[in-house]
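The values are calculated or read from the model by the stated rules, or taken from the named source; none is laboratory data. These numbers were taken from a predicted model, which means no experiment stands behind them. A quick note on method: Cβ atoms are made from the backbone with ideal geometry, for glycine too, and the neighbour counts reach across all protein chains shown.
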Amino acid sequence: MEFIETRGNDGRHPKAVRFSEAILHPSASFGGLYVPKELPRLGEEFLQEHLESSYKELALGMLDRFGIDIEPSLLKEAVDLYDRFDDPNNPIPVVDVEPNLYVSELWHGPTRAFKDMALQPFGYILSSLAKERGEEYLILAATSGDTGPATLESFKNRPNVRVACLYPDGGTSDVQRLQMVTEDGQNLKVIGIIGDFDDAQSALKSLLASPKFNERLKELGIELSAANSVNFGRIIFQIIYHIHSYLELVRRGVVQMGESIDIIVPSGNFGNALGGYYAKKMGVPIGTIKIASNENNVLTELIQKGRYDLRDKELKKTTSPAMDILKSSNVERVLFDKFGAKRTKELMESLDQKGYYELTPEELKSLQADFEADFSTDEEVAEVIKEYALHKGYLMDPHTATTIKLFDSTRPTVAYSTAEWTKFAPTVLKALTGESKRDKEALEEVAKITGAPIPPSIKALFDKPIIYDTVVPKERIEEEILKFLV
Ligand SMILES: *Cc1c(COP(=O)(O)O)cnc(C)c1O
């Protein structure tokens, strides 16, 4: 399987690369992304064959069809990391919540958010490739709360990769911050920034553009890679659970093999939703892919009106912070798949230079053949959390709660739950009782009201020693990271 570029080739990058190259060096020509040249077909024969498979067997079966240049033994070791999930035999429980609504819980991994689904195996593969080639990599991550912990956990004490993670001091929940600053690994650095997530992200961007920084990396023999969902190494692992959800509904007799289901995906950078789109294209009977957002509703506008317009928008802080995003990276891969490289380059350049693009009516129709979208306000999210926890016996986090508005009770539906409630306990408690408490007290209160357990890994955070107490203004980030590298 070869990988090609969403914005075409600039004559300096290779025309096509193997998977290993696409994940070690994920930036393609003209600022584009790598995508598979063609997707493997998973016909009904594949689905039948895996009807009784474990999650790991399904994963290896799918990866095999992709034909990527990674040794089967390495893939097996990577997929074995799903053994670190709550129940190794059932890493992604699908919960029957009400007629036709099945919630697929993607957060039973070490950091209690869906980022573990991909980052656990991806980190292992990236580090192993770097070691095989005798190369040293640096991963820089700016996080609003979930990517940071999952990235650190993925690369902790792995060879040939170092991770520096920037988070906005005061801009994450206590649980998210503690997950980062108590993480002990020889190869990790966690830095708090005075400012918000945008400041952390723009600090990272200017660092990547800094000649002095790049010069120094060269001298030290260190290459840069990325662990966010622009990296196809994450996307590939986010296709598998969409197949699993479908098979789960077949196993339960909710649908017959071949009958379609709808899925609802809480979306930010669109990696999760893209995985669902690829699964559909590969032959999994998925009807509509419903994109749930918060008040940062660029994706709703795109899918309803065919317009991606940042000109009148400012990022709003909501109670579902992992979806507080205006530039959603993986939409580009859908544009490429539907409209080709030339048009994708044109649209993305318009977004970069003018702050907007507009699809033609035909293009919009094509998008709407696969996607539907809507958004929820924070008030709506709070009502959903309360209604489901107190009257329907299902406790969900604020990201998951954005899916409910899109549920059509006449259609068998899988809604994705992207975080455990424990990562956002203050928001959940506020929704349930109106009280404002910090994480530690909120966790205990919500557990008392609902009877939901708090996992040991979350409880333990409050007593672990703080390893990284560095909080700096953004001007000092470069200096801090260089100190860490030598
Ligand atoms: C990252 C994240 C999302 C958004 O996922 P994308 O793949 O970026 O669209 C949604 N919910 C939670 C809890 C997350 O951590």
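Taking the criterion of being among the charged types (D, E, K, R), within 21 Å of the chain's Cα centre (by Cα) and assigned to a helix (DSSP H, G or I), the residues of segment 41-95 that qualify are LYS56, ASP80, ASP83, ARG84.
If you go through segment 134-186 and pick out every residue that is under 20 Å from GLY109 (Cβ atoms) and part of a loop (DSSP other than H, G, I, E, B), you end up with 13. For segment 11-45, filtered to residues that are without any contact (Cβ under 8 Å) to a residue 24 or more places away in the chain, over 30 Å from GLN256 (Cα atoms) and of a type in the set (D, E, K, R), the residue that is surrounded by the most Cβ atoms within 10 Å (Cβ to Cβ) is GLU21.
A search for C-beta distances below 7 Å between a residue of segment 268-281 that is in contact (Cβ under 8 Å) with a residue 24 or more places away in the chain and any residue that is within 6 Å of the ligand (Cβ to nearest atom) and assigned to a helix (DSSP H, G or I), counting only pairs 6+ apart in sequence or on different chains, returns GLY268/ALA322; GLY268/MET323.
Counted as qualifying within segment 235-342 are the strands (runs of 3 or more DSSP E) with 1 or more residues that are crowded, with 24+ Cβ neighbours inside 10 Å, within 13 Å of the ligand (Cβ to nearest atom) and not small (Gly, Ala, Ser), namely 261-266, 286-293.
Residues of segment 132-144 being away from the ligand (no atom under 16 Å from the Cβ) and more than 14 Å from ASN187 (Cα to Cα), which ones? If the condition is that a residue be away from the ligand (no atom under 16 Å from the Cβ) and more than 14 Å from ASN187 (Cα to Cα), then GLU132, ARG133, GLY134, GLU135 are the ones that fit. Residues in segment 145-160 that are buried (at least 24 other Cβ atoms within 10 Å of the Cβ) and away from the ligand (no atom under 15 Å from the Cβ): PHE155 alone. For the criterion of being closer than 22 Å to GLU223 by Cα and of a type in the set (S, T, N, Q), SER29 passes. Output the residues belonging to segment 462-486 that are within 18 Å of ASN187 (Cα to Cα) and in a helix (DSSP H, G or I). Selection gives ILE477, GLU478, GLU479, GLU480, ILE481, LEU482, LYS483, PHE484, LEU485.
Residues that are among the charged types (D, E, K, R) and loosely packed, with under 14 Cβ neighbours inside 10 Å within segment 97-117 comprise just one, GLU98. The residues on offer are TYR357, TYR416, and the sole one that is surrounded by 18 or more Cβ atoms within 10 Å (Cβ to Cβ), away from the ligand (no atom under 16 Å from the Cβ) and either modelled with pLDDT of 95 or more or not β-branched (Val, Ile, Thr) (or both) is TYR357.
Could you list, in sequence order, the residues of segment 451-486 that are of a type in the set (Ser, Thr, Tyr) and touching a Gly at 6+ places or on another chain (Cβ under 9 Å)? Residues satisfying the conditions are TYR468, THR470. Sub-7 Å Cβ pairs linking a first residue in segment 201-229 that is on the phi > 0 side of the Ramachandran plot to a second residue that is surrounded by 12 or more Cβ atoms within 10 Å (Cβ to Cβ), at least 6 apart or interchain, are GLY221/GLU136, ordered by first then second residue.
All of (1) out of contact with any His (no Cβ under 8 Å at 6 or more places or on another chain); (2) on the phi < 0 side of the Ramachandran plot; (3) at pLDDT 95 or above hold for ASN100 with one exception: (2).
Being in contact with a helix residue (DSSP H, G or I) (Cβ under 7 Å, 6 or more places away or on another chain), of a type in the set (Val, Ile, Thr) and over 30 Å from ALA373 (Cα atoms) is a property that holds for ILE467. So, of the residues in segment 86-96 that are away from the ligand (no atom under 16 Å from the Cβ) and buried (at least 20 other Cβ atoms within 10 Å of the Cβ), which turns out to be nearest to ASP174 (Cα to Cα)? So the residue we want is PRO91. Just one of the listed residues (LYS440, LYS459, LYS423) is within 20 Å of the chain's Cα centre (by Cα) and either within 22 Å of ASP184 (Cβ to Cβ) or more than 16 Å from the ligand (Cβ to nearest atom) (or both), namely LYS423.
Cβ-Cβ distances below 8 Å connect the following pairs, each with a first residue in segment 104-115 that is free of Cβ contacts under 8 Å to residues at least 60 places away in the same chain, a second residue that is within 12 Å of the ligand (Cβ to nearest atom) and polar (S, T, N, Q), and a separation of six or more residues or different chains: LYS115/THR147; LYS115/THR151. Sub-7 Å Cβ pairs linking a first residue in segment 398-417 that is over 15 Å from VAL95 (Cα atoms) to a second residue that is among the charged types (D, E, K, R) and not in a strand (DSSP E or B), at least 6 apart or interchain, are LYS405/GLU380, ordered by first then second residue.
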